[in-house]
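Notes for the one structure printed next.
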């Protein structure tokens, strides 16, 4: 294993990223079947998501790239001097983050880059890119759940932390989970630490829906890969051609809900679980939430979790915001 990243174990000595098998078992046993969206991101899922980010309908990546490109100097000014851990929750492909990394290196900021992700393949790919492009940069990836990684980091040194949570990944939680996550993030950090969180703002409904149901069908492939992953890793026998990607926008809740809908009754055996699960015709399997936010939502979430909003950065069309918060204790 590269000395540029490490795999952390949780308190139950399970592999970082949780127990895929038990989570699938639990999710498929519920009256409303669902599986956490974090399991969409294996190596194939990572590859497909890279394609999604390049789609003309998927505005989120372009908007945030513009924000980071145009506000690098201001972000650097907010960080001040001294040594910093630049922590990224969710590795991604690094394209947006590299805008900041390169700028910070050029300006002489003393920092260590610490990406944290449950996907080992994502961390490996990102570390390789960092080493190829910035061999002088201090970098250490953590394959871990977010809070496990942050707690480990806090135990290692006393550097200030600047935490990136990009891409509107915050929108994949339920609202209750969002509040729990933000409070946990606040508690895991030190007084005065900064976080930058990407929020996709509420906007024209059709523009939102098109981003999650693209004309090329890449998003459908991405979600269906979850069933392929169960087949590959857990010995499942899902018939993928009998499931269809379907998404709806709940305007009252401000959320895209993504499902895989079974179009023909089938029994699915999962060998590693020793169980068979029945899917009725037209039965949905929930795979992802993608919440959208108002500016008032962002301010309220920060306040409820114990942060102070420092600055808001918008793209030119105000479709997206990167909000910088400070930990107050």
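Which count do you get for residues in region 19-46 that are in contact with a helix residue (DSSP H, G or I) (Cβ under 8 Å, 6 or more places away or on another chain) and either outside any helix (DSSP H, G or I) or modelled with pLDDT under 65 (or both)?
6
Listed here are the residues, each with its yes/no results for (1) buried (at least 19 other Cβ atoms within 10 Å of the Cβ); (2) over 22 Å from residue 70 (Cα atoms); (3) touching a residue at least 12 places away in the same chain (Cβ under 8 Å); (4) in contact with a helix residue (DSSP H, G or I) (Cβ under 7 Å, 6 or more places away or on another chain).
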position	(1), (2), (3), (4)
102	no, no, yes, no
106	no, no, no, no
122	yes, yes, yes, yes
126	yes, yes, yes, no
135	no, yes, no, no
152	no, yes, yes, no
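Check residue 161 against each of (1) surrounded by 20 or more Cβ atoms within 10 Å (Cβ to Cβ); (2) over 17 Å from the mean Cα position of the chain (by Cα); (3) at pLDDT below 90 and name the one condition it does not meet.
All conditions pass for residue 161, except number (3).
Tally the residues that are in contact with a helix residue (DSSP H, G or I) (Cβ under 9 Å, 6 or more places away or on another chain) and not in a strand (DSSP E or B), restricting the search to region 272-293. Before the answer, list the steps.
Residues of region 272-293 in contact with a helix residue (DSSP H, G or I) (Cβ under 9 Å, 6 or more places away or on another chain): 272-273, 275, 277, 279, 285-293.
Then keep just the ones that are not in a strand (DSSP E or B); that gives 272-273, 292.
Total meeting the criteria: 3.
Report whether or not residue 282 is more than 23 Å from residue 41 (Cα to Cα) and out of contact with any strand residue (DSSP E or B) (no Cβ under 7 Å at 6 or more places or on another chain).
no
Going residue by residue through region 257-268, is there one that turns out to be in a strand (DSSP E or B) and under 22 Å from residue 182 (Cα atoms)? Give the derivation first.
In the first step, residues of region 257-268 are kept if they are in a strand (DSSP E or B); the result is 257-262, 266-268.
Imposing the further condition that a residue be under 22 Å from residue 182 (Cα atoms) reduces the set to 257.
Looking through region 257-268, at least one residue is in a strand (DSSP E or B) and under 22 Å from residue 182 (Cα atoms).
Do we find that residue 241 is without any contact (Cβ under 8 Å) to a residue 60 or more places away in the chain, buried (at least 16 other Cβ atoms within 10 Å of the Cβ), outside any loop (DSSP other than H, G, I, E, B) and not assigned by TED's automatic domain parsing to the domain that holds residue 308 in this structure? Let's see the steps before the verdict.
Working: without any contact (Cβ under 8 Å) to a residue 60 or more places away in the chain: yes; buried (at least 16 other Cβ atoms within 10 Å of the Cβ): no; outside any loop (DSSP other than H, G, I, E, B): yes; not assigned by TED's automatic domain parsing to the domain that holds residue 308: yes.
In short, no.
With respect to the numbered conditions (1) surrounded by 20 or more Cβ atoms within 10 Å (Cβ to Cβ); (2) not assigned by TED's automatic domain parsing to the domain that holds residue 191, which one is the sole condition not fulfilled by residue 247?
The failed condition is (1).
Return yes when residue 179 is in the same structural domain as residue 89 (by TED's automatic domain parsing), in contact with a strand residue (DSSP E or B) (Cβ under 9 Å, 6 or more places away or on another chain) and in contact (Cβ under 8 Å) with a residue 12 or more places away in the chain and no when it is not. Please lay out each step first, then the result.
Numbers: in the same structural domain as residue 89 (by TED's automatic domain parsing): yes; in contact with a strand residue (DSSP E or B) (Cβ under 9 Å, 6 or more places away or on another chain): no; in contact (Cβ under 8 Å) with a residue 12 or more places away in the chain: yes.
The answer is no for residue 179.
Would you mind finding the one in 214, 148 that is assigned by TED's automatic domain parsing to the domain that holds residue 252 and outside any strand (DSSP E or B)?
Numbers: 148 fails: assigned by TED's automatic domain parsing to the domain that holds residue 252.
None of the other options fit; the residue is 214.
The values are calculated or read from the model by the stated rules, or taken from the named source; none is laboratory data. Since this is a predicted model, take the numbers as computed values, not measurements. Methodologically, a virtual Cβ is constructed for each residue, glycine included, from the backbone with ideal geometry; neighbour enumeration extends over all protein chains shown.
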